[in-house]
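Everything below concerns the one structure shown next.
The values are calculated or read from the model by the stated rules, or taken from the named source; none is laboratory data. Just so it is clear, the structure is predicted and the values come from calculations on it, not from any experiment. As a convention, Cβ positions derive from the backbone with ideal geometry for all residues, glycine included, and neighbour counts pool all protein chains shown. Accessible surface areas use protein heavy atoms only, side chains included; no ligands, DNA or RNA. Shrake-Rupley method; radii C 1.70, N 1.55, O 1.52, S 1.80 Å.
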Amino acid sequence: MTMLAIGEQFPDFSVTAVVSRDKNNAFQTIDNKTYEGKWLCVFAWPKDFTFVCPTEIAAFGKLNREFADRDCQILGLSIDSEFVHLAWRNNHDDLKDLPFPMLADIKRDLCGQLGILDEKEGVAQRATFLVDPQGVIRFVYVTDLSVGRNPQEVLRVLDALQTDELCPCNWQKGEETINA
């Protein structure tokens with residue numbers, strides 16, 4: 001399947017997510033209506049218990065408050081089960097206090113709909129989507145499986161998209177936009 005692109009509708013989905021380490025409340029079903037009316041930052045990683053992935057996940061976690069201040073919900077995504085996500089959170093210091101849900105796409109349905117399944121490796125590609133409150137994809141960012149992404153850049157692009165203006169290269173929040 002072809003990867004979804006800018007201007008396309010983010011697909012309907014319903015998956016189990018890890019939302020805490022509390023054994024009684026760790027799991028929650030999250031679907032495309034859970035955060036209706038908010039921006040979404042959905043980022044996928046190949047596999048839990050790997051080396052590059054936790055660096056990115058922790059970096060997104062450190063920026064969670066800044067995304068939330070912009071009415072944007074971060075959702076992490078991989079093809080691992082909710083039980084693997086929970087075990088990883090319980091065993092990796094940088095993930096213990098993760099402030100956003102880890103979506104378990106064990107059936108590979110959401111990754112398949114997004115077109116981000118790496119056919120050779122059988123895992124999600126290292127992809128990021130910014131989705132506006134109407135469910136329209138406004139930004140797509142994919143790197144090689146071996147290269148981590150820059151969550152600060154994703155936040156910068158979110159700021160630019162939320163201006164609804166023309167933003168030049170390296171534009172930062174608070175700077176002048178371009179008048180056409």
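Which residue pairs have Cβ atoms closer than 7 Å, lie 6 or more positions apart in sequence or on different chains, and pair a first residue in the stretch 42-64 that is open to solvent by 50 Å² or more (accessible area, probe 1.4 Å) with a second residue that is part of a loop (DSSP other than H, G, I, E, B)?
Taking only residues 6 or more apart or on different chains, the pairs are 47/80; 55/148.
For the stretch 45-59, which positions are touching a Leu at 6+ places or on another chain (Cβ under 9 Å) and closer than 14 Å to residue 128 by Cα?
45, 46, 57
Could you please let me know if residue 34 is in a loop (DSSP other than H, G, I, E, B) and either open to solvent by less than 40 Å² (accessible area, probe 1.4 Å) or among the polar types (S, T, N, Q) (or both)? Steps first, please.
Details: in a loop (DSSP other than H, G, I, E, B): yes; either open to solvent by less than 40 Å² (accessible area, probe 1.4 Å) or among the polar types (S, T, N, Q) (or both): yes.
The answer is yes for residue 34.
Within the bounds of the stretch 68-91, is there any residue that is in a helix (DSSP H, G or I), open to solvent by 50 Å² or more (accessible area, probe 1.4 Å) and closer than 20 Å to residue 157 by Cβ?
yes
Answer yes if at least one residue in the stretch 73-82 is within 18 Å of residue 12 (Cα to Cα) and of a type in the set (Asp, Glu), and no otherwise.
At the first step, the residues of the stretch 73-82 found to be within 18 Å of residue 12 (Cα to Cα) are 73-79.
Retained after the next criterion (residues that are of a type in the set (Asp, Glu)): none.
Scanning the stretch 73-82 turns up no residue that is within 18 Å of residue 12 (Cα to Cα) and of a type in the set (Asp, Glu).
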